[in-house]
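Q: One structure, pasted below without further comment.
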Amino acid sequence: MAHGEAATIETIATGLYLEGLAIDHRRDIIWYSDVIGGGVHGVKPDGTSVTSFNTDRKWTGGVLVNADGAVLSTGEGGIMWNDPDTGRSGWLLQQIDGKPINGVNELAPDGAGGMFFGTIDIEMVIAGKATGPTRSTA
């Protein structure tokens, strides 16, 4: 695009509070979460809805496509994984140092097979109260 040209913007998804945008090049799907409405949703670049999972799970703030194709998502209780091809799912991380995780917000790959993520006092966020301290983890 040349300097000064207007960009073309095309809506491919709508919701109450969209987050967690992740591009799945293998499946040609864009994954996103709806923090308030719940769930992780997949759409094609043309906006065609493909699939949704964890639709009852609200407060998902981060989405990442793992090297094995699993879709990782953050939120209340930790980090979940879903395999869109088989429908299988489970928890990747629910504890740190043997203690339950209140919540995780964002996550990003570290380039060496791991990830960075930040914890969040999601219980207080949900209640609309002042939050306590959190930490970033690798």
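Q: Based on DSSP H runs of at least 4 residues, each adding -39500 (n - 2.57), what is the mean residue ellipticity at 222 nm of the chain after dividing by all its residues, to the nearest 500 deg cm²/dmol?
A: Value at 222 nm, helices only: -1000 deg cm²/dmol.
Q: If you don't mind, another one. Over all pairs of distinct alpha carbons, what does the Kirkwood formula give as the hydrodynamic radius of the stretch 17-90, in Å? Mind showing how you got there, number by number?
A: Working: mean 1/r = 0.0842 Å⁻¹.
Taking the inverse mean of 1/r over all distinct Cα pairs, the stretch 17-90 comes out at 11.9 Å.
Q: Using a simple spin-label model with points 7 Å from Cα along the Cα→Cβ vector, what separation in nm is obtained for Lys44 and Ala67?
A: 3.0 nm
Q: Need one number: nm distance between label points at Thr8 and Asp28, each 7 Å from Cα along Cα→Cβ, rounded to one decimal.
A: Once both label points are built, they end up 1.8 nm from each other.
Q: Next up: Can you check what the Kirkwood hydrodynamic radius comes to for the chain, Cα pairs only, in Å to one decimal?
A: That comes to 15.9 Å for the chain.
Q: Excluding same-chain residues fewer than 8 positions from Lys44, which aspartates and glutamates have a Cα within less than 19 Å of its Cα?
A: The reachable aspartates and glutamates, counting only those whose Cα sits under 19 Å from Lys44, are Glu10, Glu19, Asp24, Asp28, Asp34, Asp83, Asp85.
Q: Further question on the same structure: All other residues with a Cβ under 14 Å from the Cβ of Gln94 taken together, and with Lys, Arg as +1 and Asp, Glu as -1, what is their net charge?
A: That sum, taken over residues with Cβ under 14 Å, equals 0.
Q: If you roll a 1.4 Å probe over the chain with all protein chains in place, what percent of the accessible area is carbon or sulfur?
A: Percent of accessible area from carbon and sulfur atoms in the chain: 52.
Q: Output the relative contact order of the chain, whole-number percent, from Cα pairs under 8 angstrom with separation of 6+ residues.
A: 14 percent
Q: Follow-up question, since we're still on this one. Enter the accessible area per residue of the chain (Å², integer; probe 1.4 Å; all protein chains in place).
A: For the chain, the solvent-accessible area averages 60 Å² per residue.
The values are calculated or read from the model by the stated rules, or taken from the named source; none is laboratory data. These numbers come from a predicted model, not from an experiment. Glycine gets a Cβ as well: all are built from the backbone with ideal geometry, and neighbour counts include every protein chain shown. Only protein heavy atoms, including side chains, enter the accessible area calculation; ligands, DNA and RNA are left aside. Shrake-Rupley method; radii C 1.70, N 1.55, O 1.52, S 1.80 Å.
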